[in-house]
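Visitor: Shown below is the structure under consideration.
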Amino acid sequence: MRRPFIAGNWKMNLDHNEASSFIDELSLKFKNKNDIEIAVCPSFTSIRSVAVAAEKEKEKNNHFNIKIGAQNIYFEKSGAFTGEISADMLRALGVEYVIIGHSERRVIFKEDDELINKKIKSALANGLKPILCVGETLEIREKGKAVEFTLNQINSGLDLIDISEIKNITIAYEPIWAIGTGKTATPEDAQQMCSSIRMKIEKLYKKEIAENIIIQYGGSVKPSNISEIMEMPDIDGALVGGASIKSDDFLALINY
Ligand code: PEP
């Protein structure tokens, strides 16, 4: 049985005061109706405030269990890498997940598959659980190459990752043309790709691993469309950007 997993990618939104208020608001109305894994991924500067606020709320309500993710790491452990943040530093703050290979990092910050693979390895080696993002541009989809392209990203992202580590990896299928655009892939298109990803994982590892890996869909998921997405058999959750930064919307998402 795969446990559904919904994560909010706050991107460069919510300063530490706003982030802390988000957690307070969420906790006031919190219900984990579906008993799912839930995470928020704040900016680095808001992580400590979110961790403190979440801990405080958990003391009041034991069911308030929100995991924290980061939006990026650098693959080195420490050293002369001005402006970068290591997996160790994040773990010390209570971070459990890290988004790696988000299309905004691939496109705007020119991260390639080799760098992404190094980050995945570093996250795993240092106790963080990577959420590996993959997905095609509209141009690639229109050429009929979406599956080939996305599966290649899986291949490179997981290069030399041992079978024993896969249980700590989540895959997020995020077609670039659907991110922040209001255009969502149809649940059937998203299902088709997530199913291809699962088959690829079976080929790379084995059936049991493929059956257990969590595959999220991301791309303009919102309270009004999440339930039809979650009904798809190979979609185990969602990585949500825009609709995750308001506590009421996030609550509606997790209670889809
Ligand atoms: C994302 O940033 O991962 C994302 C899916 O964004 P949005 O939900 O805003 O499309």
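Visitor: So how far apart, in nm, are the two label points at Leu160 and Glu142 if each is 7 Å from Cα heading toward Cβ?
Guide: Using points 7 Å along Cα→Cβ, the separation is 3.8 nm.
Visitor: So which aspartates and glutamates can Lys167 reach, going by Cα to Cα under 17 Å and dropping same-chain residues fewer than 8 places off?
Guide: Answer for Lys167, where 17 Å is the Cα cut-off: Glu37, Glu96, Asp159, Glu202, Glu208, Glu211, Asp234, Asp236, listed by chain and number.
Visitor: Modelling each spin label as a point 7 Å along the Cα-to-Cβ direction, I'd like the Lys246/Thr186 distance in nm, to one decimal.
Guide: Between Lys246 and Thr186, the label points sit 2.9 nm apart.
Visitor: I've got another one for you. Which of Lys77/Lys203; Lys33/Lys246; Lys129/Lys183; Lys121/Lys206; Lys145/Lys200 have a Cα-Cα distance over 24 Å?
Guide: Beyond 24 Å: Lys77/Lys203; Lys129/Lys183.
Visitor: For every other residue with a beta carbon closer than 15 angstrom to the beta carbon of Arg2, add +1 if it is Lys or Arg and -1 if Asp or Glu, then tell me the sum.
Guide: Around Arg2, the surrounding residues sum to -3.
Visitor: Quote the relative contact order of the stretch 34-165 in percent (integer), defining contacts as alpha-carbon pairs under 8 Å separated by 6+ residues.
Guide: Over the stretch 34-165, the number comes to 20 percent.
Visitor: Only Lys, Arg, Asp and Glu count, each charged at its Cβ (+1, +1, -1, -1), so figure out the dipole size of the stretch 5-254 about its Cα centre, rounded to 20 debye.
Guide: Roughly 240 debye for the stretch 5-254.
Visitor: Note the full-extension length gain between Phe149 and Asn65 as 0.36 nm times their separation in residues minus their Cα-Cα distance, in nm to one decimal.
Guide: On the way: separation 84, 0.36 × 84 = 30.24 nm, distance 3.59 nm.
Roughly 26.7 nm would be gained on extension.
Visitor: Using Cα pairs closer than 8 Å and at least 6 residues apart in sequence, work out the relative contact order for the stretch 5-254, in percent.
Guide: Computed over the stretch 5-254, the figure is 20 percent.
Visitor: Taking the Cα centre of each part, how many Å lie between the stretch 123-171 and the stretch 182-231?
Guide: Using only Cα atoms, the two centres lie 12 Å from each other.
Visitor: Based only on Cα atoms, what mean projected area does the convex hull of the stretch 160-251 have, in nm²? Spell out each step's value before the answer.
Guide: Values: hull surface 25.2 nm².
The orientation-averaged projected area of the Cα hull of the stretch 160-251 comes to 6.3 nm².
Visitor: Write out the trypsin sites (Lys or Arg not before Pro) in the stretch 101-190 meeting two conditions: DSSP loop, and at most 14 other Cβ atoms within 10 Å of their Cβ.
Guide: Sparse-neighbourhood loop trypsin sites (Lys or Arg not before Pro): Lys110, Lys143, Lys145, Lys183.
Visitor: Also: Tell me what the chain gives for mean residue ellipticity at 222 nm when only DSSP H runs of n ≥ 4 count, each as -39,500 (n - 2.57), the sum divided by the residue total, rounded to 500 deg cm²/dmol. Kindly include the intermediate steps, with their values, before the conclusion.
Guide: Details: 11 runs with 109 residues, N = 256.
Computed mean residue ellipticity for the chain: -12500 deg cm²/dmol.
Visitor: For the chain, set up a GNM with springs between Cα atoms under 10 Å and report which of Asn17, Asn155, Asn225 has the largest fluctuation.
Guide: Ranking Asn17, Asn155, Asn225 by mean-square fluctuation puts Asn17 first.
Visitor: Of the heavy-atom accessible surface of the stretch 1-93 (probe 1.4 angstrom), what whole percent is carbon and sulfur?
Guide: Percent of accessible area from carbon and sulfur atoms in the stretch 1-93: 50.
Visitor: While we're looking at this one, here's another question. To two decimal places, what compactness ratio does the stretch 5-254 give when its Cα radius of gyration is scaled by 2.2 N^0.38 Å?
Guide: Expressed relative to 2.2 N^0.38 Å, the Cα Rg reads 0.96.
Visitor: Quick check: pseudo-label points 7 Å beyond the Cα along Cα→Cβ at Lys31 and Met199, how many nm apart are they?
Guide: Each label point is offset 7 Å from its Cα along the Cβ direction, giving 4.0 nm.
Visitor: For the stretch 97-183, which chymotrypsin sites (Phe, Trp or Tyr not before Pro) pass both filters: DSSP loop (anything but H, G, I, E, B) and at most 13 other C-beta atoms within 10 Å? Let's see the in-between values first.
Guide: Numbers: sites: Tyr97, Phe109, Phe149, Tyr173, Trp177; in loops: Phe109.
Sparse-neighbourhood loop chymotrypsin sites (Phe, Trp or Tyr not before Pro): Phe109.
The values are calculated or read from the model by the stated rules, or taken from the named source; none is laboratory data. Everything numeric here is computed off the predicted structure, so don't read it as measured data. Methodologically, a virtual Cβ is constructed for each residue, glycine included, from the backbone with ideal geometry; neighbour enumeration extends over all protein chains shown. These accessible areas exclude ligands, DNA and RNA; they are computed on the full protein's heavy atoms, side chains included. Shrake-Rupley method; radii C 1.70, N 1.55, O 1.52, S 1.80 Å.
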